[in-house]
1. So for region 104-112 (the condition being within 16 Å of Val199 (Cα to Cα), touching a residue at least 40 places away in the same chain (Cβ under 8 Å) and surrounded by 20 or more Cβ atoms within 10 Å (Cβ to Cβ)), does at least one residue qualify?
2. Inspect region 45-57 for any residue being assigned to a loop (DSSP other than H, G, I, E, B) and in contact (Cβ under 8 Å) with a residue 60 or more places away in the chain and give the result as yes or no.
3. Taking the conditions exactly as written (touching a residue at least 40 places away in the same chain (Cβ under 8 Å), surrounded by fewer than 16 Cβ atoms within 10 Å (Cβ to Cβ) and within 17 Å of Tyr278 (Cβ to Cβ)), does Gly86 satisfy them or not?
4. Evaluate region 131-149: report whether one residue or more is assigned to a loop (DSSP other than H, G, I, E, B), touching a strand residue (DSSP E or B) at 6+ places or on another chain (Cβ under 6 Å) and either at pLDDT 95 or above or closer than 24 Å to Leu275 by Cβ (or both).
5. Could you check, for region 370-382, whether at least one of its residues is within 30 Å of Val299 (Cα to Cα) and within 22 Å of the chain's Cα centre (by Cα)?
6. Check whether at least one residue in region 332-351 is crowded, with 18+ Cβ neighbours inside 10 Å, over 26 Å from Val127 (Cα atoms), out of contact with any strand residue (DSSP E or B) (no Cβ under 8 Å at 6 or more places or on another chain) and of a type outside the set (Lys, Arg), and report yes or no.
7. Just need a number here: residues in region 26-70 that are closer than 21 Å to Pro129 by Cα and loosely packed, with under 13 Cβ neighbours inside 10 Å.
Amino acid sequence: AYFARASMYARLISHFGDVVYVTEVISIEDAFKIGRSPKSEIIPKVYEDFDKAAAHLPVSYSGSSSQRATKGAALALKARFALYNGDWAIAAEAAKACMDLDKYKLHSDFTNLFLTTTRNAEESIFVIPRSIVNKVTIGNGTVLNAITRNPGGWAAMDPSWDLLAAFLCTDGLPIDESPLFNPQRPFDNRDPRCSATIVAFGTGHLGFDYDPHPDAINVMNYNTGKMQKNNDNRANAQFASFNALVWKKGIDETWLENGNDADPDKIIIRYADVLLIYAEAKIELNQIDESVLNAINLVRARAYGVPVSASGQYPKVITTTQSELRRIVRLERRMEFAKEGLRYMDLVRWKLASKALRNKSYGILYPASLLKEKVADKGLWFWPTTPKIDEDGVPDFTEMEKAGQIAVLSQRAWDDRQYLWPIPTKEVLINENLKQNPGY
């Protein structure tokens, strides 16, 4: 109960700031009168609840530990909440306590960690289980939005170009600094999490080769062994991915079964997050030592499928400069946790939403004849040039836009009032003591 209460208040505070705080049953009459308690007063109480939970919960259960609240789950979620509030010392302490339980370790294979067939991985600290049998699934619509069109999906929910640009090259440098990056072959020489997260062009996916090049009118169907019309190409299908990118992370052939439904575990928090929480908190405290570098390098080495001690087999982090490490750990989170629901709160707590969520969303030119004329027939597919990456990891595609080589899909909008969500109107209307957040 302490674990549940702490977890829910942590979520409410992260989005709304000051919230109504109650610890006992109240009457309907009181509910219409109670106001918001200051965030500064509630945060210590949330920490206290997490501490009480951690003190009494077991380290593990027989069977599926990650599907029930444990000591490690309470410590991990306390660390995340402290990180969100800039309480670096508390975040570092809670993360280290979770690490010191010696209960968790990184799953050996980043790619299959997210598959439906991987249950209760040693990396999972707290998950919500799903089950086809018990009709607890991600839903047919979610599956069809994510899977590609050739096997029957819609490919309507796709990764952004911003994300593709974020993955470092195998030399540890961003794409605009690395001599290894070729904008015409954007998946070559990249951190392995790039092609584990986004389907690389010309590779097999869900029984078909994935190739959005405008000349790839037909594509191999490995189920029949024959070439067929390529519905993942906008030359054939107008509503194929507008930016040519599709998700790979967590998606496999099981998503095509059970009427296009799937039941992967919903990961609430995993050990890689705890390691990077620890590293970030210690960096912000400027308490940089070997344990900080090791926490980052454990996560990065796993992505390359090698031990953390493997010399020269992955771009090991060696700098001890605070500003450099701050940038590194933020990029590491970007690469590691794509599609896991953590990016939004990272941008909010870093106060980068006003930059990252105000830029344009880009895609390939349409119709295909225009894409061929401006890009493909000139040998400039996929990206004509390399976008510049700023100090916060945000790419700049304006050079290609001005040259008429890419399409603007949307102009994203962000108002700084959105750093806090609005109290729902109906709640404010029925309770005069509930004051609205600024700007709404």
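The values are calculated or read from the model by the stated rules, or taken from the named source; none is laboratory data. Since the structure is predicted, the reported quantities are computational estimates derived from the model, not experimental observations. Cβ: placed from backbone, ideal geometry, glycine included. Neighbour counts: every protein chain shown.
1. yes
2. no
3. In short, yes.
4. Within region 131-149, none of the residues are assigned to a loop (DSSP other than H, G, I, E, B), touching a strand residue (DSSP E or B) at 6+ places or on another chain (Cβ under 6 Å) and either at pLDDT 95 or above or closer than 24 Å to Leu275 by Cβ (or both).
5. Scanning region 370-382 turns up no residue that is within 30 Å of Val299 (Cα to Cα) and within 22 Å of the chain's Cα centre (by Cα).
6. Within region 332-351 (the criterion being crowded, with 18+ Cβ neighbours inside 10 Å, over 26 Å from Val127 (Cα atoms), out of contact with any strand residue (DSSP E or B) (no Cβ under 8 Å at 6 or more places or on another chain) and of a type outside the set (Lys, Arg)), the answer is no, since none of the residues qualifies.
7. 4
Here is a yes/no grid of residues against (1) over 22 Å from the mean Cα position of the chain (by Cα); (2) not aliphatic (A, V, I, L, M):
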| site | (1), (2) |
| --- | --- |
| Asp109 | no, yes |
| Ser124 | no, yes |
| Lys135 | yes, yes |
| Asn140 | no, yes |
| Val143 | no, no |
| Thr148 | no, yes |
